[in-house]
1. For the residue pair His57 and His100, what label-to-label distance in nm results when each label sits 7 Å from Cα along the Cα-to-beta-carbon direction?
2. How large, in Å, is the chain by the Kirkwood hydrodynamic radius built from its alpha-carbon pairs?
3. Could you sort 407-418, 369-380 so that the peptide with the highest average Cβ count within 10 Å comes first and the rest follow in order?
4. ³J(HN,Hα) across segment 285-295 via Karplus (A = 6.51, B = -1.76, C = 1.60, θ = phi - 60°), whole Hz, x for Gly/Pro?
5. Using +1 at the Cβ of each Lys and Arg and -1 at the Cβ of each Asp and Glu in the chain, identify which of Leu69, Leu215, Leu452 lies farthest towards the dipole's positive end.
6. Using a 7 Å offset from Cα along Cα-Cβ at Asn138, what residues in segment 74-103 end up with backbone N under 20 Å from the label point?
7. For the chain, what does the relative contact order come out to in percent, with C-alpha contacts under 8 Å and a separation of six or more?
8. Give me the percent relative contact order of segment 95-157, please, defined on Cα pairs under 8 angstrom at least 6 residues apart.
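The values are calculated or read from the model by the stated rules, or taken from the named source; none is laboratory data. Computed from a predicted structure; not experimentally measured. Cβ placement follows ideal geometry from the backbone for every residue including glycine, while neighbour counts extend to all protein chains displayed. These area figures cover heavy atoms from the full protein model, side chains too; ligands, DNA and RNA do not enter into them. Shrake-Rupley method; radii C 1.70, N 1.55, O 1.52, S 1.80 Å.
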Amino acid sequence: MLPTLRAPMFSSLGLHISLTVALLVIFPTLIFILFKLYPYAQKTLSSFAIAAFFLRHGPNGFLLLREKLGKGEETFRIGKYNLVVFNLDIIKHCLVQKAHNYDKGGRAARLMGEVVGPLGILGALDEDDHVPSHQVLNPHTKRADRIETFESMVLEEGERKLDEWRSLTTGARKTEVNLYIDLNEIFFRVLYRFMFGIDLSRKRFQHVHGIISQLERYSAVVGFVPAKLLPVYKLLRRDVASLVVALNKEVESIIEEGAEDSPLHELKEPSAGVSPVQLRDTVKNLLFAGATTAANALGWAVHCVSKEAIWAKRASEAARQGNITFFKNVCQEANRVYPQANVVTRRAKEDDYVPGYGPIAKGSILVIPIIALHRHPRYYPEAPHAFNPDRWLDQRPPPLMSYIPFTAGPRQCIGQSLFNRAGPPLLMRLHGSFDFYPLEAEPKPKWPNAVLPPRSGGFRMIITPSSL
Ligand code: HEM
Ligand SMILES: *[C@@H]1O[C@H](CO)[C@@H](O)[C@H](O)[C@H]1NC(C)=O
């Protein structure tokens, strides 16, 4: 009766035909394709989900996932190969007891290695590339005279910085500094002097630190990018290629300029058995491992001490009394809450068995989330996230392997004694000379990142000459 009703009646024939075609041809094809694609889609989705989860929660994500996926167990899987471990027996097993069965393999480690230098002392997959450089450099970090030299270089470079600050504060009485940059300058200058016998200019420091800090970021982020997105991500990060070129150029200059009496010179001796490629990567590894680690750890230390009145007061008192114990505890605590090597991985070379746990299949990646381990409520029952240097006054140390800022075993940090010797007295000098007032109350660590600088790009502080 109404003409408007007729049009739908005509087109309903067309609709009918389309529906039939859809039902008989298109839908089954679609379903078939979806069915075929499902496992892939699910895998991709879950690697996206994991990446998104960590983006949201940061390294604390490891503790949250332990509750969610591990139901409170001390191990849980992410994907097929990654086994996240909080279990101290497994950690000891793979880092120390059966270290020969575990290498620095796996996707994330390989991607990081590509940037950091895959054949040097730090990045080497296995012992053949690791041993020659290790044998040359390790004594320089263990001999008493070398440790003393390192300490005096740190204190000299610290004093240089303090003089600079003093000249900034005369008259004005207070000034703003970026402690992150200043500490990095101290430790890059020390690294160049101690390892290469080179005097690093400010301009060259800024150049090198710029490269290293950007590559530290990229080398860790790239491991989180789902495999299928990697080509796209690499395309977006074409700037990385020029950073790597600049880094290689700096490494070449270092090798050329290195002084006669430096560890670098020993690495170059033919008798050391370090190939030119291993040499290049080891120098590169030192740039990644030997300065930002110490600088950032002390940056967090000063920040955490200065932001709370009780610690700031204790620091001034301890500096006045020359009480180094307090500053040792501050360093221990900074390395607990902000361990610079925040996550490390090991890959099983062969099928293995951990007594008390069970089998570990060849190719498994053991993920040791050091930063989460250090804040695990089971091992640090009292306010695990809080900065409290006094927790180290307790006579009972935390359980073995629950505190591993330098890891353990044959691939542990060679710079441990250097840092432990030089870090506390430098802190004492800083707190004895200036009072620090952080401009940002709660800076977050940049993460994912190979080490842990503050995300905001600095520990910006107001400093005034110490009121003592
Ligand atoms: C707070 C300061 C530091 C921390 C937290 C730290 C942490 C670490 C960690 C955890 C590793 C082992 C990585 C792994 O197991 O995969 C390592 C390796 C290494 N670190 Fe350090 N480090 C620090 C300072 C230094 C310094 C000052 C130097 C040198 C001057 C240095 C040189 C090295 C080297 C060469 C390696 C490779 C060792 C090898 O494989 O034989 N580190 N560091
Ligand atoms: C030195 O510092 C430690 C740690 O803060 C403290 O326990 C100790 O009492 C101090 N020693 C002196 C003599 O004040």
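1. With each label placed 7 Å out from Cα toward Cβ, I get 3.8 nm.
2. Kirkwood radius, the chain: 24.6 Å.
3. Highest to lowest by the protection proxy: 369-380, 407-418.
4. Here the 3J(HN,Hα) series is 4, 5, 5, 7, 9, x, 9, 5, 4, 5, 5 Hz.
5. So the residue furthest toward the plus end is Leu69.
6. Zone members listed by number: 92-103.
7. Relative CO of the chain lands at 24 percent.
8. 18
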